[in-house]
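Participant: Structure provided below as structure tokens; questions to follow.
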């Protein structure tokens, strides 16, 4: 009921603001675009947030997906869109360092950008970043894993491809582990770019430490899926219990949680990653400017375990609404 | 400058390519180097310009003994070769091609003085009578123009000795005239010119002196004024044939194994008609590109024919692939390029020999090729053809040229081919093996009733082997000459008859 | 009889002995260096990964033998996996039927590659580079990046089950390698593949229809890639569109370490077995010795290069021995 009310309120507010925007639009003709690297289940979920925004506000948002994960491809496509007259972009930067050049060009044309999903490196022409705070999320997952392990034991730390985010996640895991004297990282496995490669390496790591592993933590999407598959098989074949927390809510991972083969995962807020940036862009098109010193907006993560696996989506909606409600004042001002 | 060769010898595995060759080339003369294929001409040329080091003997230039280890050494001494095979940098300009090894001289700061470079290149072009812009792309020039540019490049390097290797083989008659004018100019300027050609008319026209090689040996050096076409040919092939003519095979002119009428393949063969009698050795004589190999390859279905009919044993046939030629009509083709497309050098003898007949050796149930039958076929043929090898499992690449050639022939005997086409049977084999291969080919016709076509540009070979010789020129059959021994025919008369047709 | 032929070098040739020796050496080193190495869990998983690698490598090796290559092996595997996932999960068809459909699709990709190579005369590098993108595009177009999870338990059993402590896949690999060995040693098709790769012109002049042979190689290559993709589905328990993404390098590495000539004309089943083993052993070993994760690729590359250099040195020595 409460959820309904807040939604209704947002819609009313949205309508009011949309009318105001209609007047502003004639002045500078704001046109909204959303761009992501290429097909991926994460982007599908983000798009549900974008669609919800369009539906509520009546503002047309043109969505485009690129052909691959390279920055080159993104540069070409986004430049072409800017040339078509789009003025406000919500972008997933393919390369957090490499996107700078593109952003600088866009900023020179007077385009407003908000990053979603991952943040371009500072200093960046992007006005805001909306997404998961990589390090904080890793810390939250590690805390949850250590709790599931009962506060002590040996951990294998599983990292995705080397990069800025991976480094932050690695730091997050290590910081939390350092707080628990009875917990050690006995092996770090890295550079897990593909599903087959992840399976092979994690399997090797299990073999290398067999009988000595209490938990594993994965902070990237691909390794999480691989470990969920692997531990399902491992436990089904009578292997000793290994606790595991991963990231993202791929259906394979959710199945493994329901069946008790892994403990849980961190749900990011892809809906919020879609909705919140566009709300910010809309407000900025009406003359709101960022509050000094703000940039990253944590869209929140939620620990999903067998207990809340069927209800966590509602909790995320509440989280999103809270952030939307606090945008004017906390992050934006006129 | 006077170029003097003293006792040059050079051997390759199995062949003595040069055997104690001495000769002197004088300045202000055009000196022809003559000989049949395999006589040692190309080895001698390569020794003179530094590509091959001789095993024995010395090369002197105006009395100074040269030590040549590479083409570059030769160039530095003023010895330059011009041939059709020399690569040009086709993406670069004419000027760049001429000056490629002298760019250092045009360096200016970090770049090149292009104006000076192009002006110098224009001078070179003028010297060889080419009216071209030095900045043009060399790739757009004709073969003759490229050749003149090469000569110009040699002149700009101050060449003393110029070797012209088959300079007229792919240029038109008017271009030949232009080239010869330049050659005469260079002669009067005192250059030493060495001219290598198959075309005796040209030699008679432009040269002052000839040196003839045969089987790697120096046969003689004569003033052209003392020679005629006939005497030159005599020197080249020898007064007496080195190889005995085989006894004449009795064949029936009406019993044709293969009958070809008006066969044509675009750009390769024009209007070819002939019959191959059963049990006969028929010769195809002509230069490379004259249509002889092309006709053979069209017959076996490698090239598509555009017109004409082919009959095998009197019945009209369509041969659209080599597979059909072998399996249906029992026609085998021994390639002229043994190493490139005739044999699998990395495979063993038995695999090479039995490849066309694997289907017959296959066990219907296991689909496996019967290894012991394969070995027996190979071993039997090796014995019959006297192949010298450690056994059927020896790698073909390790065999001598003559034994390799026997393997190429054995392959088609294994396939029971009744018609055999053997292209250049004795290229790259030594004299002894050559005689054995000739005997083998003749025996196949004489005792086994095979019908054989021998394709060759080696005149003695074809005269001694074939009972009839078809002469090829410019993609056509231009004549039909009886071989030896035919009443009233001598080896000389046959070679003269062939020479007349080819002229 | 068998021992006689073994000694005569007709079963294990010099080339295979070198690479097999290197694999055995690695096994011995790891067995001594780490207690975890010879555990049942590790052996099971090592042989299972090796078996999967073998199909990846065969898909490449069969093309290399003919002097061609296939850059689209991984994309074919992905397409086969997604086809299987779509038919078994989305359409709910019985899995044996889905296997047939999926393998038909992979054979279709091989036919397409082969058709462009032989009929249109396009170089294999260019053809398969293009189809790599085409097939990958179809994979993502159909799956939209999602994996298919409803994989029947009886199908998963293929990739997860074991017999006498070794995975089913291991026996499947042995059987396949045995068939490959038989094909190249005894059958006409196998020998014509070798002949075509060794000297295409000579093969044509010997009456071999080399276009047919190259088409056959393409079909076999796609079949091995397809089977490999399906086995990964079975082993993972879900049909991931990302299957095959890392195959390209592995396919070349295992094939070449295993003694397949890049220029064509040479392949050995036993060598491939050893090549796959070396590859999994190196990766396993790097984890066992806790190699720095950020430098891992450098270690992997160095060890692969070292193995090939050792093999090359052995070849040079034996050539010298033959001459003297």
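Participant: Per DSSP helix of 4 or more residues, -39500 (n - 2.57); summed, then divided by the residues of the protein assembly as shown. What does that give at 222 nm, rounded to the nearest 500?
Facilitator: -16000 deg cm²/dmol
Participant: Got a sec? How would A:201, B:270, C:119, B:406 order by Cβ neighbour count within 10 Å, fewest to most?
Facilitator: Going from sparsest to densest Cβ surroundings: C:119, B:270, A:201, B:406.
Participant: Oh, and also: Which whole-number percentage describes the relative contact order of chain A, with Cα contacts under 8 Å and a sequence gap of 6 or more? Working shown, then result.
Facilitator: Numbers: 595 pairs, mean separation 60.1, N = 334.
Once normalised by length, the contact order is 18 percent.
Participant: Continuing with the same structure: With no solvent and one equal point scatterer per Cα, compute the Debye intensity ratio I(q)/I(0) for chain B at 0.13 Å⁻¹ and report its log10, rounded to two decimals.
Facilitator: So the normalised log intensities work out to -1.26.
Participant: When averaged across all projection directions, what area in nm² does the alpha-carbon convex hull of the stretch A:147-212 cover? Intermediate results must be reported in sequence, preceding the final value.
Facilitator: Values: hull surface 18.8 nm².
The directionally averaged projection comes out at 4.7 nm².
Participant: Given a Förster distance of 45 angstrom, what is the FRET efficiency for residue B:157 paired with residue A:84, based on the Cβ-Cβ distance and rounded to 0.05?
Facilitator: Working: r = 62 Å, r/R0 = 1.37.
Once the sixth-power term is evaluated, E becomes 0.15.
Participant: Label 7 Å along Cα→Cβ of residue B:221; the stretch B:48-68 residues with amide nitrogen under 16 Å?
Facilitator: B:48-49, B:57-66
Participant: Okay, next question. Take the alpha carbon atoms of chain C, find their radius of gyration, then divide it by 2.2 N^0.38 Å using N residues; give the quotient.
Facilitator: Working: Rg = 19.9 Å, N = 324, 2.2 N^0.38 = 19.8 Å.
Against the empirical 2.2 N^0.38 Å value, I get 1.01 for chain C.
Participant: Label-point separation (nm) for residue C:133 and residue C:306, each offset 7 Å from Cα along Cα-to-Cβ?
Facilitator: Placing both labels 7 Å beyond Cα along the Cβ direction yields 3.9 nm.
Participant: Angle, helix B:143-156 long axis vs. longest principal axis of chain B, Cα atoms, 0 to 90°, nearest 10?
Facilitator: Long axis of B:143-156 versus the principal axis of chain B: about 40 degrees.
Participant: Compute the distance from the alpha-carbon center of the stretch C:115-145 to that of the stretch C:146-190, in whole Å.
Facilitator: 26 Å
Participant: Any idea what angle helix A:221-236 forms with the longest principal axis of chain A, computed on alpha-carbon atoms, 0 to 90 degrees, nearest 10?
Facilitator: In chain A, helix A:221-236 runs at an angle near 30 degrees to the longest axis.
Participant: What distance in nm separates the simple spin-label points at residue A:251 and residue B:108, each placed 7 Å from Cα in the Cβ direction?
Facilitator: Taking the simple label geometry, residue A:251 and residue B:108 are separated by 7.3 nm.
Participant: Follow-up question, since we're still on this one. Kindly provide the pair-distance distribution of the stretch A:119-263 built from C-alpha pairs, with 5 Å bins from 0 and whole-percent values in order of increasing distance.
Facilitator: Going out from 0 Å in 5 Å bins, the stretch A:119-263 shows 2, 10, 20, 23, 21, 12, 5, 3, 2, 1, 0 percent.
Participant: Where q = 0.20 Å⁻¹, what log10 of I(q)/I(0) comes from the Debye formula for the stretch B:96-136, counting one point per Cα?
Facilitator: -0.57
Participant: Comparing C:295, C:163, C:30, which has the greatest mean-square fluctuation in the GNM of chain C with Cα pairs linked when under 10 Å apart?
Facilitator: Largest GNM mean-square fluctuation: C:295.
Participant: I need the calculated FRET efficiency for the pair residue A:182 and residue C:157, taking r as the beta carbon distance and R₀ as 30 Å, to the nearest 0.05.
Facilitator: In this case the efficiency is close to 0.15.
Participant: Just the C-alpha atoms of chain A: what Rg/Rh do they give, with Rh taken as the Kirkwood radius?
Facilitator: 1.00
Participant: Another question, if that's okay. When you take every Cα atom in the stretch A:224-334, what is the radius of gyration, and what is Dmax, the widest Cα pair distance, in Å?
Facilitator: Answer for the stretch A:224-334, Rg first and Dmax second: 18.5, 62 Å.
Participant: If you wrap the stretch B:182-283's Cα atoms in a convex hull and average its projection over all directions, what's the area in nm²?
Facilitator: Working: hull surface 43.7 nm².
If you wrap the Cα atoms of the stretch B:182-283 in a convex hull and average its projections, you get 10.9 nm².
Participant: Let me ask something else. I need the P(r) histogram for the stretch C:115-226: all alpha carbon pairs, bin width 10 Å from 0 out to the longest distance, whole percents.
Facilitator: 11, 28, 28, 24, 9, 0
Participant: What does the C-alpha gyration tensor say about the overall shape of the stretch C:19-96? Classify as rounded when a/c is under 1.5, otherwise prolate if a/b is larger than b/c, or oblate.
Facilitator: oblate
Participant: I would also like to ask the following. Using only the Cα atoms of the stretch C:103-156, what do you get for the radius of gyration and for Dmax, in Å?
Facilitator: 14.7, 44
Participant: Could you put B:416, B:158, B:348 in order, starting from the residue whose Cβ has the fewest other Cβ atoms within 10 Å?
Facilitator: B:158, B:416, B:348
Participant: Contact order normalised by length for chain C, with contacts defined as Cα pairs under 8 Å and 6 or more residues apart; what percent is it?
Facilitator: About 34 percent, as a whole number.
Participant: So if I take the centroid of the Cα atoms in the stretch C:13-60 and the same for the stretch B:308-385, what is the distance between those two points in Å?
Facilitator: If we compute the Cα centre of each part, the gap is 42 Å.
Participant: In peptide C:234-240, what is the residue-averaged number of other protein chain Cβ atoms found within 10 Å of each Cβ?
Facilitator: Taking all residues of C:234-240 together, the mean is 6.
Participant: Now for a separate question. Where the centroid of each part is defined by its Cα atoms, how far is the stretch C:191-219 from the stretch B:437-456 in Å?
Facilitator: Their Cα centres are 30 Å away from one another.
Participant: Moving on. Kindly give the semi-axes, whole Å and largest first, of the ellipsoid equivalent to the stretch B:3-237, taking each as the square root of 5 times a Cα gyration tensor eigenvalue.
Facilitator: Whole-Å semi-axes of the equivalent ellipsoid: 32, 21, 15.
Participant: Mind telling me which of C:29, C:256, C:213 comes out most flexible in a GNM of chain C, alpha-carbon contacts under 10 Å?
Facilitator: Largest GNM mean-square fluctuation: C:29.
Participant: Starting from the Cα-Cα distance between residue B:101 and residue B:72, subtract it from 0.36 nm times their residue separation and give me the gain in nm to one decimal.
Facilitator: The residue B:101-residue B:72 span can extend by a further 9.4 nm.
Participant: Would you please calculate the Kirkwood hydrodynamic radius of the protein assembly as shown over all C-alpha pairs and express it in Å, rounded to one decimal?
Facilitator: Across the protein assembly as shown, the inverse of the average 1/r is 36.1 Å.
Participant: Neighbouring Cβ atoms within 10 Å as the yardstick, rank B:71, A:231, C:52, C:309 fewest first.
Facilitator: Least crowded to most crowded, the residues run C:309, B:71, A:231, C:52.
Participant: With an 8 Å Cα cut-off and a minimum separation of 6 or more residues, compute the relative contact order for the stretch A:134-267 in percent.
Facilitator: 28 percent
Participant: Taking the 0 to 90 degree range and rounding to the nearest ten, how far is the long axis of helix B:173-188 tilted relative to the main principal axis of chain B, both from C-alpha atoms?
Facilitator: So the inclination is approximately 50 degrees.
Participant: So how far apart, in nm, are the two label points at residue B:143 and residue A:291 if each is 7 Å from Cα heading toward Cβ?
Facilitator: 8.5 nm
Participant: Over all directions, the average projected area of the alpha-carbon convex hull for the stretch B:339-416 comes to how many nm²?
Facilitator: On the way: hull surface 19.5 nm².
Mean orientational projected area (the stretch B:339-416, Cα hull): 4.9 nm².
Computed from the coordinates by the stated procedures, all read-outs in this text should not be read as laboratory data. Keep in mind that this is a model prediction, so the values were computed, not measured. Quick reminder, even Gly has a Cβ in these numbers, built from the backbone with ideal geometry, and neighbours come from all protein chains shown.
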